[in-house]
1. Give me the net charge of VAL88's neighbourhood, meaning all other residues with Cβ under 11 Å from the Cβ of VAL88; Lys, Arg count +1, Asp, Glu -1.
2. Okay, helix-only estimate at 222 nm for the chain: each DSSP H run of n ≥ 4 adds -39500 (n - 2.57), divide by all residues, round to 500 deg cm²/dmol; what do you get?
3. For the range 20-40 and the range 55-109, compute the distance between their C-alpha centroids and round to whole Å.
4. Please give the direction-averaged projected area of the C-alpha convex hull for the range 3-104, in square nanometres with one decimal.
5. Short version: ³J(HN,Hα) in whole Hz for each residue of the range 84-96, in order, from phi by Karplus 6.51 cos²θ - 1.76 cosθ + 1.60 (θ = phi - 60°), x for Gly and Pro, what are they?
6. Report the net charge of residues surrounding THR100, where surrounding means a beta-carbon distance below 15 angstrom and charges are Lys +1, Arg +1, Asp -1, Glu -1.
7. If you stretched the chain out fully between VAL66 and ARG8, how much longer would it get, using 0.36 nm times the residue separation minus the C-alpha to C-alpha distance?
8. Of HIS21, VAL31, ILE79, which is farthest towards the positive pole of the range 3-104's charge dipole, taken about the Cα centre with +1 and -1 on the beta-carbons of Lys, Arg and Asp, Glu respectively?
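Here, each number is a calculation from the coordinates, and none is a lab measurement. Bear in mind the structure is a predicted one, so any value in this text is a computation, not a measurement. Note that each Cβ is placed from the backbone with ideal geometry, even for glycine, and that neighbours are counted across all protein chains shown.
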Amino acid sequence: MDVQQTLRQYEQAANSRDFDHVAPMVADHAVYWFSDGEFEGLDAIRGAFEMTWNTIEQERYAIEDVQWVVVGDQAAVCIYQFRSEGVVRGRPFLAVGRGTNVFALIDGR
């Protein structure tokens, strides 16, 4: 598993603003925590992404300062800082925070 490449692909998918690009990288039973709540399962996570994309126009999402906590043949875990920049209600928007991703090799993907 090339974890750095996988993380960059995830970042690119998130910036596509099309959840069909993100979905193949999210397990059916995944759990996401966004600032407005916890979302479990692919449908709920899709809704959270799409609500964010509808709220933040011209968003650019960046993952920075990545630290790999665990890297193995079947799984990897990283922590990082994220930056979300865009426009909300016609005004510049910036949010920064911490993220954690857990990657698992499932069915060879």
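1. Residues near VAL88 contribute -1 overall.
2. -8500 deg cm²/dmol
3. 12
4. 6.2
5. Going residue by residue, I get 10, 10, x, 10, 10, 6, x, 10, x, 10, 9, 10, 10 Hz, with x marking Gly and Pro.
6. It works out to a net charge of -3.
7. Additional length available on full extension: 19.8 nm.
8. Positive-end residue among those listed: ILE79.
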